[in-house]
Amino acid sequence: MSRGHFEKQNTRSWNAFKRALFDVDRRKRVGDAAEFLSLYRRVCQNLALARTRHYGADLEAQLNRLALRGHQHLYARRMGVWSRIVHFVGAGFPQDVRRNHAYLWASLILFGLPFVGFIVAIQLQPDLAYSVLPPEALRGMEQMYDPAQAGKTMGASVDERAYMFGFYVYNNVSIAFRTFAAGIACGVGSLYFAAYNGVVLGAVSGHLTQIGYGETFWPFVIGHGSFELTALVLATQAGLKIGWSLVAPGQRTRGRALLEETKDSMGIVYGFTAFLVIAAFLEAFWSPWPFIPPAVKYAVGSALWAGVISYLAFAGRGQ
Amino acid sequence: MAEADVLDTYRRVETPEGVELGIRVAGPIPRAMAWLVDLLIRIVIYVVASIALAFLGAAGGGMFLLLLFLGEWFYPVLFEVLRRGATPGKEAFGLVVLHDDGTPVGWSASIVRNLLLFADFMPFMYGFGLLSMLFSGSFKRFGDIAGGTVVAYRERETRKRKLPEVPPLAPNMPLSTEEQMALIAYAERFDSWTPARAAELSDLLRGLTGASGEEGSKRALGMAAWLLGNR
């Protein structure tokens, strides 16, 4: 085919593509996306033909320009870092959590059952706490939440609160990361960490309530607990997700399944990390604040719980 | 990435343009050494920081714990992403972390592979990681499989070898492409052997060269020169 014939045959679609590009550039929207795509592919094919048939540098450059403009519109990463973060916080993270609801319920049961179970059981059978934790550990907890000592140990100086912030980030985020990473052992590792955390936290809470320290303990933990316990459940959720990809990879190799499911669970990982940093901040600077009546702490804590739960349940629905 | 048919660490990656690129994956030993170097560097940072932060009292202790947290989980991430795929330890051993498709590692893949470092560490001293590396075909620990990454040797500029100068000699029989390439490779690597080893190798070609020892080696080089077009 001669160059003239080739040009005659295709000029109409090139001009149509030029008009479509002009529309996108000026009005920032595509009239007919399917048509835009088919015109773009056609230009790409024409460009390849022009090259192999040596139709000449000027025609080639002209087609290359058209194809490049189309390419840049199609493959551009439209969102900048900030709008991606805004989207993630506003919709992406809660959507990720809800999309994987089976793992969420499994993880909630794994953690919640031993947690609530131990709190209740210790009220009925107080000695049970000593079968879970060594007496020294329980004594340490008793000292921290002794109502007679209230205000002395908990409302420490700003310096000490800053120290505790660092400690909570280091300790709690590391625990959550390990809970997630251990999930790769077919989920067993996350399962273990979730149940272990449930048992230990349940035993401590149950013990302190049973000996009558509940009036200092619950107002202290209710605020940051909203973010902290939720984050632990989410870490288990993500861990179970990557573990299950090895148990039941579906129509994929196990390596491929692990790669895809891990990529898909990273939203939850970023989310629970942020939750734990918020929790550490609350635990260091809000929870130990002295002179705030327990009623206020209960009210704020309940509001935080309601906020966290409704955020995960409703944010970004219908988007 | 294609599985290797032969026992080799050379892996081919196809680019969207239809060209194949080769990378050489790194095994457990250099990676362990790199890890050790990084560990030492982290320890030095921690010691220096703890001395400096000691002046700030309890708040300094909190900052130290934050540093410890960042160091233990994100030290490799920061270096791998911001310093073209290598922590200082990897840099020292000429290693680099790449995506499976040969592009430099990005944030999300690097975070995955380093979070899962904890799982690879289990049950002790990277036991699972080592097992995974030995079975995966491309020395991938679990973190590499999940993140879609591979640790390879950094491509280094190699100096162009000068071929030994010998008069060209036409082979007395037709040679297949592979045989021709073997002869050319022999000439290219001739420099790196002792004359005795070079002769020993060319003795394998006695059927082709019709001579042994130094004479056979010289004839093999001559054929390589002839194949390269010095006629």
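Derivation of every value follows stated rules applied to the coordinates shown; laboratory data play no part. Everything numeric here is computed off the predicted structure, so don't read it as measured data. Glycine also receives a Cβ, built like all others from the backbone with ideal geometry; neighbour counts cover every protein chain displayed.
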Exercise. So between B:L204 and B:L82, what do we pick up on full extension, going 0.36 nm a residue minus the alpha carbon distance?
Worked result: 38.9 nm
Problem set entry | Span from the segment B:126-153 Cα centroid across to the segment A:1-47 one, whole angstrom | 46
For this session: Would you please name the trypsin sites (Lys or Arg not before Pro) within segment A:79-179 that are DSSP coil residues with at most 15 other C-beta atoms within 10 Å of their C-beta?
Result: A:K152
Exercise. Counting partner chain Cβ atoms within 10 Å of every residue's Cβ in A:236-242, what's the average?
Worked result: 1
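So, R0 is 45 Å and r is the distance between the beta-carbons of B:S192 and B:L40; what FRET efficiency does that work out to, to 0.05? Could you put the intermediate results ahead of the total?
Details: r = 34 Å, r/R0 = 0.75.
Plugging the Cβ-Cβ distance into 1/(1 + (r/R0)^6) gives 0.85.
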Problem set entry | Geometric extent, Cα atoms of segment A:1-52 - Rg, Dmax (angstrom) | 12.2, 37
Problem set entry | Principal axis dimensions, largest first and in whole angstrom, of chain A by Cα | 96, 43, 33
For this session: Please express the Cα-Cα pair-distance distribution P(r) of segment B:124-219 as a list of whole percents, one per 10 Å bin, running from 0 to the bin with the greatest distance.
Result: 13, 30, 15, 19, 17, 5, 0
Problem set entry | Residue-averaged beta-carbon neighbours from other chains (10 angstrom radius) around B:132-145 | 2
Problem set entry | Relative pair counts by distance (%), Cα atoms of segment A:213-319, 10 Å bins | 14, 34, 26, 16, 8, 2
Exercise. Loop-only check: which trypsin sites (Lys or Arg not before Pro) in segment A:1-70 are DSSP coil with at most 14 other Cβ within 10 angstrom?
Worked result: A:K28, A:R29, A:R53
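With charges set only on the Cβ (+1 for Lys and Arg, -1 for Asp and Glu), what does the dipole of chain A come to about its Cα centre, in debye to the nearest 20?
Numbers: 31 positive and 20 negative charges, 531 e Å.
The dipole of chain A has a size of about 2560 debye.
For the ranges B:39-45, A:276-282, what's the packing order if you count other beta-carbon atoms within 10 Å of each residue, average per peptide, and put the highest first?
Going from most to least packed, we get A:276-282, B:39-45.
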Seminar exercise, completed: Out of B:G207, A:V132, A:I119 - ranked by how far each Cα lies towards the positive end of the dipole of the protein assembly as shown, with unit charges on the beta-carbon of charged residues - the top one is B:G207
Problem set entry | Principal axis dimensions, largest first and in whole angstrom, of the protein assembly as shown by Cα | 102, 71, 48
Exercise. What average count of beta carbons from other chains do you get within 10 Å of the Cβ of residues in B:63-74?
Worked result: 4
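State, as an integer percentage, the relative contact order of chain B based on alpha-carbon contacts under 8 Å between residues 6 or more apart.
Numbers: 309 pairs, mean separation 36.1, N = 231.
That works out to 16 percent.
Show me the GluC sites (Glu not before Pro) within segment B:66-99 that DSSP assigns to loop and that have at most 10 other Cβ atoms within 10 Å of their Cβ.
Numbers: sites: B:E72, B:E80, B:E91; in loops: none.
Here no GluC sites (Glu not before Pro) fit, given the DSSP loop and packing criteria.
Check chain A and count each lysine pair with an alpha-carbon distance under 23 angstrom, considering only pairs eight or more places apart or from different chains.
4
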For this session: Tell me what chain B gives for mean residue ellipticity at 222 nm when only DSSP H runs of n ≥ 4 count, each as -39,500 (n - 2.57), the sum divided by the residue total, rounded to 500 deg cm²/dmol.
Result: -17000 deg cm²/dmol
Exercise. Expressed as a rounded percentage, what relative contact order does chain A have, with Cα pairs under 8 Å and six or more residues apart?
Worked result: 23
Exercise. When the label point is put 7 Å from the Cα of A:T52 along its Cα-to-beta-carbon vector, which residues of segment A:1-39 have a backbone N closer than 14 Å?
Worked result: A:1
Seminar exercise, completed: Of the candidates A:T230, A:A48, A:S2, the farthest towards the positive dipole end of chain A (Lys/Arg Cβ +1, Asp/Glu Cβ -1, centred on the Cα centre) is A:S2
Exercise. Which FRET efficiency, nearest 0.05, do A:N64 and A:A33 yield, Cβ-Cβ r, R0 22 Å?
Worked result: 0.45
Problem set entry | Alpha-carbon Rg with Dmax, taken over segment A:179-220, Å | 14.3, 41
For this session: At 7 Å along the Cα-to-beta-carbon direction for both A:N171 and B:L163, put a label point, then send me their distance in nm to one decimal.
Result: 7.0
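On alpha carbon coordinates alone, what is the Rg over Rh value for chain B, Rh being the Kirkwood radius?
Numbers: Rg = 24.9 Å, Rh = 21.3 Å.
Radius of gyration over Kirkwood radius for chain B works out to 1.17.
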Seminar exercise, completed: For segment A:225-312, the charge dipole (Cβ of Lys, Arg +1; Cβ of Asp, Glu -1; about the Cα centre) points to a positive end, and the Cα of A:T253, A:I309, A:L282 closest to that extreme belongs to A:T253
For this session: Provide, for q = 0.18 Å⁻¹, the log10 of I(q)/I(0) from a solvent-free Debye sum over equal Cα point scatterers in segment A:1-149.
Result: -1.05
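How big is the charge dipole of the protein assembly as shown about its Cα centre, in debye rounded to the nearest 20, if each Lys and Arg gets +1 on its Cβ and each Asp and Glu gets -1 on its Cβ?
On the way: 54 positive and 45 negative charges, 462 e Å.
Result for the protein assembly as shown is approximately 2220 debye, rounded to the nearest 20.
Over segment B:27-86, what lengths in whole Å, largest first, do the semi-axes of the equivalent ellipsoid take, defined as the square roots of 5 times the eigenvalues of the alpha-carbon gyration tensor? Write out the running numbers ahead of the final one.
Numbers: eigenvalues 142, 32, 13 Å².
Result for segment B:27-86: semi-axes of 27, 13, 8 Å.
Place a +1 charge on the Cβ of each Lys and Arg in segment B:183-231 and a -1 charge on the Cβ of each Asp and Glu, then give the dipole magnitude about the Cα centre in debye, rounded to the nearest 20. Could the numbers behind the result be given before it?
Numbers: 6 positive and 6 negative charges, 31 e Å.
The dipole of segment B:183-231 has a size of about 140 debye.
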For this session: Grab the beta carbon distance between A:D159 and A:V116, set R0 = 35 Å, and tell me the FRET efficiency rounded to 0.05.
Result: 0.45
Exercise. What is the extension gain from A:I309 to A:I109, computed as 0.36 nm multiplied by their sequence separation minus the C-alpha to C-alpha distance, in nm to one decimal?
Worked result: 70.4 nm
Exercise. For segment B:201-221 and segment A:224-261, what is the separation of their Cα centres, given in Å?
Worked result: 61
Problem set entry | Calculated log₁₀ intensity ratio I(q)/I(0) where the Debye formula runs over C-alpha points of segment B:71-140, q = 0.11 Å⁻¹ | -0.26
For this session: Report the residues of segment A:111-132 in range of a label on A:E142: point 7 Å along Cα→C-beta, backbone N strictly under 13 Å from it.
Result: A:127, A:129-130
